[in-house]
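Each remark here refers to the structure printed beneath this line.
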Amino acid sequence: MAYEQYDNVNLLALAIWREARGEVCDAQLGVGCSIRNRVNHPTWWGHDYRSVILDKWQYSSFNPNDPNDTKYPGDTDSVWLQCLENASLVINGNCPDNTDGAQSYFDKSLDNNPPKWAATMTHTLDLGRLHFYKV
């Protein structure tokens, strides 16, 4: 699907919803903050919300063949409404970084086979089921 019709808030909300809809609010905010940390420190992963979120292979829920790539929330989905609020807080700077500068994260379900990049980064904290890391 093309994401041209999504503004920054809705695209970030979709990323939060796809990546952390089953997580506690702090973990959802952490996903948003880690994306904002990438935007605020542009490098190979992109320079704005659109390029960071849609960069190939960075967020599994936007990867082709990932089951979440075809999932969209309903307008009355209460978690979607929370993700929209969280995305607004993050983008408008009304949410302090609760990840201690993290730019990446992975789910605890991968603990027995963590991503290779995790060994090269510093673990900052865990929020919900997510481990957060920074360069």
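Things to note:
- Within the range 69-89, the only residue that satisfies the criterion of being polar (S, T, N, Q) and under 13 Å from the mean Cα position of the chain (by Cα) is 86.
- The listed residue being on the phi < 0 side of the Ramachandran plot and buried (at least 22 other Cβ atoms within 10 Å of the Cβ), out of 4, 19: 19
- The single condition among (1) closer than 14 Å to residue 16 by Cβ; (2) in contact (Cβ under 8 Å) with a residue 40 or more places away in the chain; (3) among the β-branched types (Val, Ile, Thr) that residue 70 does not meet is (1).
- Number of the condition not met by residue 81 [criteria: (1) within 24 Å of residue 116 (Cβ to Cβ); (2) among the hydrophobic types (A, V, I, L, M, F, W, C); (3) loosely packed, with under 15 Cβ neighbours inside 10 Å]: (1)
- Hey, residue 78 polar (S, T, N, Q) and either in contact with a strand residue (DSSP E or B) (Cβ under 8 Å, 6 or more places away or on another chain) or closer than 13 Å to residue 20 by Cα (or both) or not: no
- Residues being without any contact (Cβ under 8 Å) to a residue 60 or more places away in the chain and part of a loop (DSSP other than H, G, I, E, B) - total across the range 1-21: 6
- Applying the condition of being in contact with an Asp or Glu (Cβ under 8 Å, 6 or more places away or on another chain) and either touching a residue at least 60 places away in the same chain (Cβ under 8 Å) or among the charged types (D, E, K, R) (or both) to the range 22-58 and asking which residue is farthest from residue 72 (Cα to Cα) yields 37.
- Evaluation of residue 100 against (1) modelled with pLDDT of 95 or more; (2) surrounded by 17 or more Cβ atoms within 10 Å (Cβ to Cβ); (3) under 23 Å from residue 115 (Cα atoms) (one fails), failing number: (2)
- Residue count, the range 27-55 (criterion: surrounded by 14 or more Cβ atoms within 10 Å (Cβ to Cβ) and either assigned to a helix (DSSP H, G or I) or under 10 Å from the mean Cα position of the chain (by Cα) (or both)): 19
- Unique residue being surrounded by fewer than 17 Cβ atoms within 10 Å (Cβ to Cβ), under 14 Å from the mean Cα position of the chain (by Cα) and free of Cβ contacts under 8 Å to residues at least 24 places away in the same chain when the list is 63, 92, 112: 63
- Condition met for residue 132 (closer than 10 Å to residue 30 by Cα and either surrounded by 14 or more Cβ atoms within 10 Å (Cβ to Cβ) or under 16 Å from the mean Cα position of the chain (by Cα) (or both)): yes
The values are calculated or read from the model by the stated rules, or taken from the named source; none is laboratory data. In this text, all values refer to a predicted model and were calculated from it rather than measured experimentally. Every residue, glycine among them, receives a Cβ derived from its backbone with ideal geometry; neighbour counts consider all protein chains shown.
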